[in-house]
């Protein structure tokens with residue numbers, strides 16, 4: 001009996017020793033991750049996608065194309081103002097990546113200055129001003145312009161005793177009124193606030209409480225409910241969820257490959273202009289929640305906006321004014337800047353207008369309720385060509401939208417809406433102004449409306465007033481039928497969807 005007891009006791013002691021040894025070797029308890037789509041950047045210029053509740057299985061992994069040979073991508077982030085995925089390369093250039101096929105286009109072929117200083121760099125969008133924060137492991141601290149690719153400001157350096165490899169802002173929604181910048185310091189293995197961001201001052205939040213070596217990737221989802229980091233310890237790659245109030249991090253699963261940066265998609269975003277020239281920013285799936293309104297400034301006295309659209313080549317918002325001028329709009333401030341000087345050489349005729357970019361030639365199409373049909377140059381603000389008036393008959397077109405509204409598109413179709421006939425038409429050929437009927441909308445709309453087609457989804461949206469109610473509709477481009485989606489609080493004169501949706 002004593003011998004048996006001794007053997008049993010020895011077994012218990014061995015099991016206990018093994019258990020203790022496992023803890024000492026860093027076996028961390030794992031919890032279920034959030035149901036959240038995440039994109040990752042690998043060391044080999046690949047974009048991956050996975051759900052944070054199952055990080056071990058990549059839904060996709062695609063090599064990025066379109067970047068200059070020899071360049072290495074260092075960091076990625078989604079732009080809240082448009083939903084587009086941006087990337088930073090070690091050549092001090094910004095790229096915009098199509099997440100569906102990983103094709104990239106450079107924002108500017110000229111490297112920004114000052115150039116990146118450091119072997120590791122992290123970018124993240126400040127949602128309040130629509131600018132990119134760049135921080136490196138050597139303490140460099142820059143602000144970049146997402147539409148021009150240049151350095152907007154060189155800010156105060158971060159303490160050289162720190163080594164920042166991941167940064168992320170809170171409240172990543174377009175038009176956010178406030179935000180906080182968080183940093184991961186791999187030297188101290190702590191979470192910090194960078195406050196104020198422009199000064200580079202680090203304020204400790206707390207220890208991450210995990211073991212890792214080298215670079216750590218980091219991002220925060222739009223409603224701040226999930227802050228996640230990807231880290232490597234030896235040959236093990238792990239995804240963690242981090243508490244922004246303490247820094248404490250918990251294991252939510254193993255990654256099948258090392259990830260050097262993370263990017264969580266931002267919410268769908270759309271823009272409208274009301275009768276007071278206010279730029280309204282909202283989620284098209286739920287306009288009533290969190291709408292932001294900014295006055296558009298910098299136009300001619302008494303001037304009104306007639307239409308808005310994003311330029312696919314650089315994600316810049318353009319507007320048409322009723323004084324026959326075009327403007328770019330600063331999404332952070334609402335300030336309008338005229339493109340070119342003076343008025344259009346062919347003055348606008350009509351009261352209601354369609355205004356949309358042709359993505360294949362980077363020109364703006366303008367059509368009106370009196371049949372006017374123009375092409376404008378977005379760089380000079382000049383009329384490229386006054387095309388053939390809309391025909392047949394006397395159509396009253398008040399909105400227009402091109403398909404495939406993304407940079408590099410090789411084919412596109414132009415759809416327009418006539419508010420008198422309440423029908424959808426294909427304008428084919430666009431320069432010839434010929435309208436080919438597609439079908440009835442099924443609702444009696446007023447001339448106060450806006451129309452756009454999502455660049456990624458190819459979903460057609462119509463913001464229109466029927467009677468006293470303004471609603472967002474989804475339009476079937478084959479039949480013309482408009483299906484009511486959600487109610488909108490006011491009439492609009494222009495409408496566009498972020499290029500990432």
(message) Modelling each spin label as a point 7 Å along the Cα-to-Cβ direction, I'd like the residue 341/residue 468 distance in nm, to one decimal.
(response) 5.0 nm
(request) Evaluate the distance, in nm, between pseudo-label points positioned 7 Å from the Cα of residue 257 and of residue 276 along their respective Cα→Cβ axes. (result) 5.1 nm
(request) For the stretch 122-168, count all C-alpha to C-alpha pairs, find those more than 16 Å apart, and express that count as a whole percent of the total. (result) 35 percent
(request) Give the calculated FRET efficiency between residue 233 and residue 478 to the nearest 0.05, with a Förster radius of 60 Å applied to their Cβ-Cβ distance. (result) 0.65
(request) Assuming R0 = 60 Å, can you tell me the calculated FRET efficiency for the pair residue 44 and residue 300, based on Cβ-Cβ distance, to the nearest 0.05? (result) 0.70
(request) Working from Cα positions, state the angle (0 to 90°, nearest 10) between the long axis of helix 2-24 and the longest principal axis of the chain. (result) 40 degrees
(message) Full-extension gain between residue 436 and residue 32, please, as 0.36 nm times their residue separation minus the C-alpha to C-alpha distance.
(response) 140.1 nm
(message) Run the numbers for residue 426 and residue 204: contour at 0.36 nm per residue of separation, minus the present Cα-Cα distance, in nm.
(response) 74.1 nm
(request) Once you have a ≥ b ≥ c as the square roots of the Cα gyration tensor eigenvalues for the stretch 372-416, tell me rounded if a/c is under 1.5, and otherwise prolate or oblate according to whether a/b is larger than b/c. (result) oblate
(message) Tell me whether the stretch 399-471 comes out rounded, prolate or oblate; compute the Cα gyration tensor, take square roots of the eigenvalues as a ≥ b ≥ c, and use a/c under 1.5 as the rounded threshold.
(response) oblate
(request) Using label points projected 7 Å from each Cα along Cα→Cβ, tell me how many nm separate residue 117 and residue 159, to one decimal. (result) 1.9 nm
(request) Hey, could you get me the Stokes-Einstein D for the chain, Kirkwood radius over alpha-carbon pairs, 37 °C and 0.692 mPa s, rounded to whole µm² s⁻¹? (result) 135 µm²/s
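Hey, how much of the P(r) for the stretch 378-501 falls beyond 21 Å, as a percent of Cα pairs?
Details: 2979 of 7626 pairs.
In whole percent, the share of Cα-Cα pairs in the stretch 378-501 beyond 21 Å is 39.
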(request) Sticking to Cα atoms, compute the Rg of the stretch 23-263 to one decimal and its Dmax as the biggest Cα-Cα distance, whole number, in Å. (result) 16.4, 51
(message) Using 0.36 nm times the number of residues separating residue 53 and residue 377, minus their current alpha carbon distance, what extension gain do you get?
(response) 112.0 nm
(message) Taking 20 °C and 1.002 mPa s as the conditions, I'd like the Stokes-Einstein D for the stretch 270-497 in µm²/s, using the Kirkwood hydrodynamic radius from alpha carbon pairs.
(response) 125 µm²/s
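Throughout, read-outs are computed from the coordinates displayed, never taken from laboratory work. Just so we're clear, the structure is a prediction, and the values are computed from it rather than from any experiment. When we count neighbours, we look across all protein chains shown, and the Cβ atoms used for this are built from the backbone with ideal geometry, even at glycine.
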